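Following: one structure in structure tokens, then a few remarks.
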Amino acid sequence: MAGIVVVFDFDKTIIEVDSDNWVVDELGATDLFNQLLPTMPWNSLMDRMMKELHTQGKTIQDIEEVLKRVPIHPRIVPAIKSAHALGCDLRVISDANVFFIETILKHLGIRDCFSEINTNPGYVDGEGRLRILPYVDFQKSPHSCNLCPPNMCKGMIVERIQAKEGKKRMIYLGDGIGDFCPSLKLREADFVMPRKDFPAWNLINKNRTLVKAGVHEWTNGKELEHILLQWINTINIEESQLLSMENCKFQTKHNAAHGALPRPLPVPY
């Protein structure tokens, strides 16, 4: 059935908050975070914050418990499960980190719905401290996109998926500044779902002529579910009709090649 790739951003798309800010705030490190924020890239800052929290005696279990109570709209999980059940290939592209994302998705029971998670690496070292690394090593081999942060270009990831999946149609859901670049990579047969009144939505509206894909905004999980499933069903109907037309053309050519005549129309009396 569905030859559709559905790509989700994570923060403020699948969950209602920024997972980095959520962990920092819930573990009482907001002031230090704000103090250090002007001094280094966000991704490097989160690695530093995990060091500070570890020094303060916060454990991996403390972080996991905070992540498990992250706010999420009640229709998001059903939407993801429905899209997966319809045969879509679901993926995540996020500037969070793999430890945060996988902890939350496993807790929600939907990790297996996703074939791929593209995000910043994260692991627990021998001392029990969470380390967070950049998706792209911008010190050694920076990407060339001036729309995206130094550690990740989501547009490049979308292009890689397109190169591998060929003509499969894509639906992209996101909210942030970093979701504008991948929106520009989508094709006319694709769809982008920016969250209304968030940075990606603002940028798309200001640069509508640059976006080839169909655009449909959403405001909450209920709207996300309705619009996403509607588009999946629309694409499935269109693909089925196209396949039927191609089969008819093939049958006509086959009959012509083998001398078969079309069935005559009945003669009216």
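The values are calculated or read from the model by the stated rules, or taken from the named source; none is laboratory data. Since the model is a prediction, treat every value here as computed from it, not as a measurement. FYI the Cβ positions are ideal-geometry reconstructions off the backbone, even for glycines, and counts take in every protein chain you see. The area values use the complete protein model at the heavy-atom level, side chains included, leaving out ligands, DNA and RNA. Shrake-Rupley method; radii C 1.70, N 1.55, O 1.52, S 1.80 Å.
How much of the accessible area of region 87-137, in percent, comes from carbon and sulfur atoms when a 1.4 Å probe is used?
Reported share for carbon and sulfur atoms: 47 percent.
Quick one: ranking ILE14, ILE117 by accessible area, 1.4 Å probe, largest first, what do you get?
On the way: ILE14 0, ILE117 35 Å².
Listed by decreasing accessible area, they come as ILE117, ILE14.
Using a 1.4 angstrom probe on the protein heavy atoms only, could you order ARG129, ARG111 from most to least accessible area?
The ranking, largest first, comes out as ARG111, ARG129.
In the set (i) 35; (ii) 40; (iii) 48, which value of percent of Cα pairs over 29 Å apart was calculated from the structure you see?
(ii)
What percent antiparallel are the DSSP beta bridges of region 98-233, to the nearest 5?
If we restrict to bridges inside region 98-233, about 30 percent are antiparallel.
Using a Cα-Cα cut-off of under 25 Å, which lysines could be cross-linked to LYS222, ignoring same-chain neighbours fewer than 8 residues away?
Excluding near neighbours in sequence, the set is LYS12, LYS68, LYS81, LYS106, LYS196.
Among LEU105, LEU133, what's the order by accessible area (1.4 angstrom probe), most exposed first? Could you put the intermediate results ahead of the total?
Values: LEU105 0, LEU133 65 Å².
Final ranking, largest accessible area leading: LEU133, LEU105.
Count the net charge of all other residues whose Cβ sits under 9 Å from the Cβ of PRO194, scoring Lys and Arg as +1 and Asp and Glu as -1.
Taking every other residue near PRO194 into account, the sum is -1.
Express in Å², to the nearest 10, the accessible area of CYS153 obtained by rolling a 1.4 Å probe over the protein heavy atoms while all chains stay in place.
For CYS153, solvent-accessible area is about 10 Å².
What is region 61-119's relative contact order, in percent, from Cα pairs under 8 angstrom and six or more apart in sequence?
Relative CO of region 61-119 lands at 44 percent.
Over the chain, give the accessible area per residue in Å² for a 1.4 Å probe, as an integer. Write out the running numbers ahead of the final one.
Details: 14160 Å² over 269 residues.
On a per-residue basis, 53 Å².
For LYS140, go through the lysines and keep the ones whose alpha-carbon is under 21 Å away, minus same-chain ones fewer than eight residues off.
LYS154
When the helix-only estimate is applied to the chain (DSSP H runs of n ≥ 4, each -39,500 (n - 2.57), divided by the residue count), what is the mean residue ellipticity at 222 nm, nearest 500 deg cm²/dmol?
Working: 10 runs with 122 residues, N = 269.
After summing the helix terms and dividing by residue count, I get -14000 deg cm²/dmol.
Any idea which of PHE198, SER82, THR219 is furthest toward the positive side of the dipole for the chain, if Lys and Arg beta-carbons carry +1 and Asp and Glu beta-carbons -1?
SER82
Output the relative contact order of the chain, whole-number percent, from Cα pairs under 8 angstrom with separation of 6+ residues.
20 percent.
Of all beta bridges DSSP finds with both residues in the chain, what is the antiparallel percent, to the nearest 5? Write out the running numbers ahead of the final one.
On the way: 3 of 24 bridges.
If we restrict to bridges inside the chain, about 10 percent are antiparallel.
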